[in-house]
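What follows is a short report on a single structure.
The values are calculated or read from the model by the stated rules, or taken from the named source; none is laboratory data. This is a predicted model, so every value here is computed, not measured. Heads up, the Cβs are rebuilt from the backbone with ideal geometry, glycines too, and the neighbour counts pull from every protein chain shown.
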Amino acid sequence: MTETHPTKTWTCVVAEDEALLRQALVAELKRAWPALQVLAECEDGASAVEALAEHQPDVAFLDIRMPGLTGLEVAQVAAEASPRTQIVFVTAYDQYAIDAFERGAIDYLLKPVKPERLAATVERLQARDALPDAASLAALLDKLGALPKQAGAVEPLTWLTASAGRETKLILIDDVAYFRADQKYTTVVTADGEALLRSSLRELLPRLDGTLFKQIHRSTIVNLKAIAGIVRDDSGRGTVRLKQRPETLIVSQPFMALFKHM
C-alpha cells in the first residue's frame, strides 16, 4: 500500500492600510492560491506585528508604506518574532526600489498587483523549502531604508493643539514624550503634563515623523528622543524609562525587535 503525505497547508497575514487595496489583494490571493488561509487582514503596522507574533504564518504580504510601523519595520520584527515567515513586500515604488528587490532574495509585488505577477510569486513561495534568508532581508531593509520620500507624502507635524481642561495648548511635537490611546481620542504626554488630542492614535500616526516616533504597543507611541533607556525582562517584553517623566512604558514583546540595535 502506497503511503500518502498530506498536502501542506499554507497560511498568511496581509497588511495594507488602504481598505480597498487590502480587499483587492485578498481577493486576488484567493483566486491565485485557493488553498491559502488568510489568518489576519491588518490595516496598520502595529496590528501586523501582533498578528505575526500570534499566528506565525508561512507568508506575510506587507505594504511598505503604512502608518506607525512601515512594512520594512514589520519585516524587521518578523525576523525575530516569526522567523519562519516568508516576506512579500507590496510596493508602489519606482525603479530604484525594484532594482533593490531584484538583487535580493525577497519577493515583491508592484501596485496595482497583476494576476500573472502574483501567480509567479505564489509559485516561488511554494517551491521554497528553506527558512527565509535573514542576511538577504537585512541587506534589503538597509537599502530600502534610505529611499527618498514618496511623492505627495504629507509633511510630518511640527506642532499640535490639545485640550487640558478649559485650556487649549499649543505643543511642539519635539516636546512630546509619548502618545497614549484614550478611547477614540489620544492623550499627549510632555514633561509638563498631559493634554487631550481630539483624534485617534490611528489618525495621528500618518502625520508623525516615523524616524522619531515609534509604536511600542498597540496603544502607545514614544518619541525616541525622550527615551533614557530600555530594559528587556525574562518574558521578552521591554520597559522604557523616560528622561523627563517618572512613569515607565511597556514595550510589547514583538516590538522589542525594533530596539535591538539601540
Worksheet item: Do we have E50 as over 19 Å from L205 (Cα atoms), touching a Pro at 6+ places or on another chain (Cβ under 7 Å), modelled with pLDDT of 90 or more and of a type in the set (D, E) here?
Response: no
Practice prompt. Report, ordered by the first and then the second residue, all pairs with beta carbons closer than 6 Å, sequence separation of six or more or different chains, a first member in the range 45-68 that is under 20 Å from L29 (Cβ atoms), and a second member that is among the acidic types (D, E).
Written response: D63/E16; M66/D17; M66/D44
Discussion item. Being modelled with pLDDT of 90 or more and at negative phi is the requirement here; does T187 meet it?
Written reply: yes
Worksheet item: Can you name the helices (runs of 4 or more DSSP H) wholly within the range 1-85 that have at least 1 residues being buried (at least 24 other Cβ atoms within 10 Å of the Cβ) and under 17 Å from the mean Cα position of the chain (by Cα)?
Response: 45-55, 71-81
Worksheet entry | Meets criteria (among the acidic types (D, E), modelled with pLDDT under 90 and surrounded by 11 or more Cβ atoms within 10 Å (Cβ to Cβ)) for D174 | no
Worksheet entry | Among the candidates I230, I216, residue that is touching a helix residue (DSSP H, G or I) at 6+ places or on another chain (Cβ under 6 Å) and closer than 13 Å to G68 by Cα | I216
Worksheet item: Tell me, which strands (runs of 3 or more DSSP E) lie completely within the range 193-232 with 1 or more residues that are touching a residue at least 40 places away in the same chain (Cβ under 8 Å) and surrounded by 14 or more Cβ atoms within 10 Å (Cβ to Cβ)?
Response: 213-217, 220-223
Practice prompt. Within the range 111-133, identify whether any single residue is modelled with pLDDT under 85, surrounded by 12 or more Cβ atoms within 10 Å (Cβ to Cβ), in contact with a strand residue (DSSP E or B) (Cβ under 6 Å, 6 or more places away or on another chain) and within 19 Å of L258 (Cβ to Cβ), and answer yes or no.
Written response: yes
Item to complete: Go through the range 154-173 and give me each residue that's out of contact with any Leu (no Cβ under 8 Å at 6 or more places or on another chain) and either part of a helix (DSSP H, G or I) or of a type in the set (D, E) (or both).
Response: E155, E167
